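Enquirer: Take this structure, written in structure tokens, and hold onto it; I'll ask about it next.
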Amino acid sequence: MSRRLSSVEVVLFVVSSLLFLCCGGLCVVSWLSLTSEGADEAAQQSGQLVITEGVEFSEELRNSSSHRFKSLAFDIQQLVYEAFSISDLWRFYQFCWVQDFRSDLRSITD
């Protein structure tokens, strides 16, 4: 009992096949556009920030467990985050970590 497909059934089959192919193509294109290009490894950058005014250096800032160290480190991390969030580098920025504070007067006078 084989019966021939009507023209409406053929058109519906062709249209649904084309939609299926389009959806598959869009999935592939979306996947390719969302994968990172050339960013296989996270890059770690380090730098030095010189504070020239607004904070007096004290021995308490050498102790990473002190309240003053934690407070100043938090403020600096927030300022760096805000600076990156308004620049073109916001996509690459993950976090900022203050390692230590030290008094280095040579860098101010140079």
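Enquirer: Rank these by accessible area, largest first, 1.4 Å probe: Val29, Val80.
Expert: Val29, Val80
Enquirer: Starting from the residue with the highest accessible area, list Thr52, Thr35 in decreasing order, probe 1.4 Å. Could the numbers behind the result be given before it?
Expert: Working: Thr52 105, Thr35 55 Å².
Accessible-area ranking of Thr52, Thr35, largest first: Thr52, Thr35.
Enquirer: Tell me which label goes with the value of Rg/Rh (Cα atoms, Kirkwood Rh) computed from the coordinates here: (1) 1.47; (2) 1.03; (3) 1.23.
Expert: Among (1) 1.47; (2) 1.03; (3) 1.23, the one calculated here is (1).
Enquirer: Between Val28 and Ser85, how high is the FRET efficiency from 1/(1 + (r/R0)^6) when r is the Cβ-Cβ distance and R₀ = 30 Å? Nearest 0.05.
Expert: 0.40
Enquirer: In whole percent, what relative contact order does the chain give with Cα contacts below 8 Å and a gap of six or more residues?
Expert: Here the relative contact order equals 23 percent.
Enquirer: So, one more: Given the protein chains as shown and a 1.4 Å probe, how many square angstrom of Arg91 are accessible, to the nearest 10?
Expert: 150 Å²
Enquirer: I would also like to ask the following. Are there GluC sites (Glu not before Pro) in the range 44-110 that DSSP marks as loop and that have at most 14 other Cβ atoms within 10 Å, and which are they?
Expert: Qualifying residues, ordered by number: Glu53, Glu56.
Enquirer: Can you give me the angle between helix 7-34 and the longest principal axis of the chain, using Cα atoms only, in degrees from 0 to 90, rounded to the nearest 10?
Expert: It works out to around 20 degrees.
Enquirer: Filter the chymotrypsin sites (Phe, Trp or Tyr not before Pro) in the range 74-103 to those in DSSP coil with at most 12 other Cβ atoms within 10 Å of their Cβ, and list the result. Walk me through the intermediate numbers first.
Expert: On the way: sites: Phe74, Tyr81, Phe84, Trp90, Phe92, Tyr93, Phe95, Trp97, Phe101; in loops: Trp90, Phe92, Tyr93, Phe95, Trp97, Phe101.
Sparse-neighbourhood loop chymotrypsin sites (Phe, Trp or Tyr not before Pro): Trp90, Phe92, Phe95, Trp97.
Enquirer: Can you tell which of Ala83, Ser103, Gln48 lies farthest toward the positive end of the dipole of the chain, using +1 and -1 charges on the Cβ of basic and acidic side chains (Lys, Arg; Asp, Glu)?
Expert: Ala83
The values are calculated or read from the model by the stated rules, or taken from the named source; none is laboratory data. Source: prediction; values computed, not measured. Reconstructed Cβ throughout: ideal geometry from the backbone, glycine too, with neighbour counts over all protein chains shown. All accessible areas refer to the heavy atoms of the entire protein, side chains included, with ligands and DNA or RNA removed. Shrake-Rupley method; radii C 1.70, N 1.55, O 1.52, S 1.80 Å.
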